[in-house]
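These notes are about the structure you will find just below.
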Ligand SMILES: Cc1cc2nc3c(=O)[nH]c(=O)nc-3n(C[C@H](O)[C@H](O)[C@H](O)COP(=O)(O)OP(=O)(O)OC[C@H]3O[C@@H](n4cnc5c(N)ncnc54)[C@H](O)[C@@H]3O)c2cc1C
C-alpha cells in the first residue's frame, strides 16, 4: 500500500459534516471524489456526529415543511408558535451581537443568506429534521436533525458510499504537495501501512481545528487550556491548519478564543461518536435559571445576559478562570416543582441538601461567602414574572449587585437545594484559515488565492469571535462545505 498513489478530481481531507457536504456538492458537478479520514471507520463522524441542530433562516411553515417528515402541518404550526421565524436580519444581528460586531462580514453575509438554501439542499440529499422536544431536550431550536448529527452523518456516509466516493480511513493527511507554480496538487498521508500519496486537481481541507491538540491550545488560547477536557473527538489536532500555513495560507479570525461550554464535572477526556444520545450528554445548560458560584462561594458571571444559545459557548472560559477551573450551578426546590430540568440532568453529578450550609460544606464551597452571596442575590431580585422561555428573555433581573443577573432570576430559598458541579468543556477553536467567502478557496499571505486549495468547516476562520450562537458550526460547515465542493469540482473539471 505504501507505494500506491491514488488520484481524484477532488480530494477531501476529513469526513465530518463540512467534508461530506463538500463531497455531495462535488458529486453534483460529476467529479470523482476521494475522502481521507484520520479516524477508523468505526470511529468516524467527527464532532459533527455529536451534534443536535443547525441554526438557519426560516419564515413560517413554507420553509420548515420540506425539512420535516414526521410531523403534520398542524403540529408544525404549533411548533412555530414558539418561534415563527428567524429572518436574515435577525440572524445577522444575533451573530454580530454575540461576536461584538467582529464577525467577518463577507463570511457572515454568505452564512446568513445561504443557510435556508443549504438546509433545503441537504434535504434533497436525504436529510430530514424533527421537532425538538422543548424543555426536555438540551436544544435551542425548534427543529433537530433527525437522529442528531449522528443520524446526519450515517445518512451522509451511506449516500456518498453509494455514489462511489472512495473513503480512506485511518489515513491522516500530513503534508500538502505543490507543483512548481505553487498549485496544490496532492497530499501525503500516514496510514497504518506507511505513507501514501494522494494526488488531485483540487484539495478541500475539512479536518477540523486544533481543539484536540494541547500544545496548540496552550500556544494560542493561553494558560490552562492545555489541560481542559474535550466535548468531542480527539482527532482534530490542527493538522490541516499546520499543513496549510506551512505553505503560506493566511490565518484568519480569532485564534485566542474558542467555543467551550459548561459540562458535568465528570466529563470524560474526549468522546467518540458511536451512537446518538442526547440523554447521555454531559452538557449542563441549566445555568441561566441558576446562580453559578465558584469554590469561594461567589458569583462570577451574569448567568443570563442573553438567551442560553447565545451565551453557553462563552461560559466554559468563564468557568475555566475560576479557582480549580470549576463552578457550581445552584437551584432550589422550585426548579424541580416547575419541571424545567432537561432530561440529561437525570444523569448529572449532583449534591442535594436541606440547607444551604450543608450543601456548601459538602462541596467544599466557602460557607459564609456562599450564604452571603445567596442572601444578597435573593434580596436584589426585581419584581416581574419568571418565565423560563427558551426563545424569549423574561427580563426578571437583579439590581445593585456587583454582577447582576439580567434575566431568569429565580430566588434560592426553598430546600432541598441542589448543586451541579461543572467544568469547562472544549468544543472547537475559532481560529482558522482565510477563505474567499464566495468560493471557499484559501488565501495566501501574499494576498492571492492558493490554486487548488479550499477549506471549510472549523478550518475556515472569521465567523466566530469570543462567542457564538448555538447551531452555527454545523450550518457554516454545510454552507461553506457545499461552496468548497462546488468550486473545487468546477476548477478540477475545467483544468
Ligand atoms: C458535543 C458537541 C456538540 C455540538 N453540538 C452542536 C450542535 O448542536 N450544532 C452545531 O452547529 N454545532 C455543534 N457542535 C459543533 C460542531 O460539531 C462543529 O462546528 C462541526 O462539527 C464542525 O464540522 P467539521 O466538519 O469542520 O469538523 P468535524 O466534524 O470534527 O470533522 C473533522 C474530521 O477531520 C478528521 N481529521 C482530523 N485531522 C485529520 C487529518 N490529518 N487527516 C484526515 N482527517 C483528519 C477528524 O477525524 C474528523 O472526522 C458540537 C460540538 C460538540 C463537540
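Normalising by the residue count of region 261-425, find the relative contact order in percent from Cα pairs under 8 Å and 6+ residues apart.
35
Note down the Stokes-Einstein diffusion coefficient of the chain in µm²/s, whole number, using a Kirkwood radius over alpha carbon pairs, 20 °C, and 1.002 mPa s.
92
When a/c is below 1.5 the answer is rounded, else prolate if a/b is larger than b/c, else oblate, so apply that to region 47-201 with a ≥ b ≥ c taken from the square roots of the Cα gyration tensor eigenvalues. If you can, show how the numbers build up before the last one.
Values: a/c = 2.55, a/b = 1.68, b/c = 1.53.
Because a/c hits 1.5 or more and a/b exceeds b/c, region 47-201 counts as prolate.
Specify the angular offset, from 0 to 90 degrees and rounded to the nearest 10, of the alpha carbon long axis of helix 88-98 from the longest principal axis of the alpha carbons in the chain.
So the helix axis and the longest Cα principal axis differ by about 70 degrees.
Of the DSSP beta bridges with both residues in the chain, give the percent that are antiparallel, rounding to the nearest 5.
Approximately 70 percent, going by the DSSP bridge assignments.
Using only helices, what value at 222 nm comes out for the chain when you add -39,500 (n - 2.57) per DSSP H run of length 4 or more and divide by the total residues, to the nearest 500 deg cm²/dmol?
-9000 deg cm²/dmol
Counting only C-alpha contacts under 8 Å and six or more residues apart, can you give the relative contact order of the chain as a whole percent?
25
Between region 1-42 and region 183-238, what is the separation of their alpha carbon centroids in Å?
Here the two parts' Cα centres lie 16 Å apart.
How much length, in nm to one decimal, is gained on full extension between residue 438 and residue 65, taken as 0.36 nm per residue of separation minus their Cα-Cα distance?
Taking 0.36 nm per residue and subtracting the Cα distance, the gain is 131.5 nm.
Helix 105-124 sits at what angle to the longest principal axis of the chain, using alpha carbons and giving 0 to 90 degrees rounded to 10?
80
In terms of the Cα gyration tensor, with a ≥ b ≥ c the square roots of its eigenvalues, is region 300-402 rounded because a/c is under 1.5, prolate because a/b exceeds b/c, or oblate? Working shown, then result.
Values: a/c = 1.26, a/b = 1.20, b/c = 1.04.
It is rounded, given that a/c, with a ≥ b ≥ c, falls under 1.5.
Quick check on region 145-283: what does the Kirkwood estimate of hydrodynamic radius come out to from the alpha carbon pairs, in Å?
17.6
Compute the acute angle (0 to 90°) between the alpha-carbon long axis of helix 73-82 and the principal axis of greatest extent of the alpha-carbon atoms of the chain; round to the nearest 10°.
Here the helix axis deviates by roughly 60 degrees.
Determine the shape class of region 252-293: with a ≥ b ≥ c the square roots of the Cα gyration tensor eigenvalues, call it rounded for a/c under 1.5, and otherwise prolate if a/b is greater than b/c, oblate otherwise.
Numbers: a/c = 2.11, a/b = 1.08, b/c = 1.96.
Oblate shape, in that a/c is at least 1.5 and b/c is the bigger or equal ratio.
Could you order peptides 376-386, 478-488, 160-170 by the average number of other Cβ atoms within 10 Å of their residues, highest first? Mind dumping the intermediate values first?
Working: 376-386: 13.6, 478-488: 29.1, 160-170: 15.5.
Listed from highest to lowest mean packing, they are 478-488, 160-170, 376-386.
Using per-residue counts of other Cβ atoms within 10 Å, averaged over each peptide, order 76-87, 355-366, 422-433 from highest down.
Highest mean packing first, the order is 422-433, 355-366, 76-87.
Given the Cα-Cα distance of residue 97 and residue 183 and 0.36 nm per residue of separation, how much length would full extension add, in nm? Numbers along the way, then the final one.
Working: separation 86, 0.36 × 86 = 30.96 nm, distance 3.85 nm.
The residue 97-residue 183 span can extend by a further 27.1 nm.
Laboratory data are not the source of any read-out in this text; all were calculated from the coordinates shown. Model, not experiment: these values are computed from the prediction. All Cβ positions, even for glycine, are placed from backbone atoms using ideal geometry, and neighbour counts span all protein chains on display.
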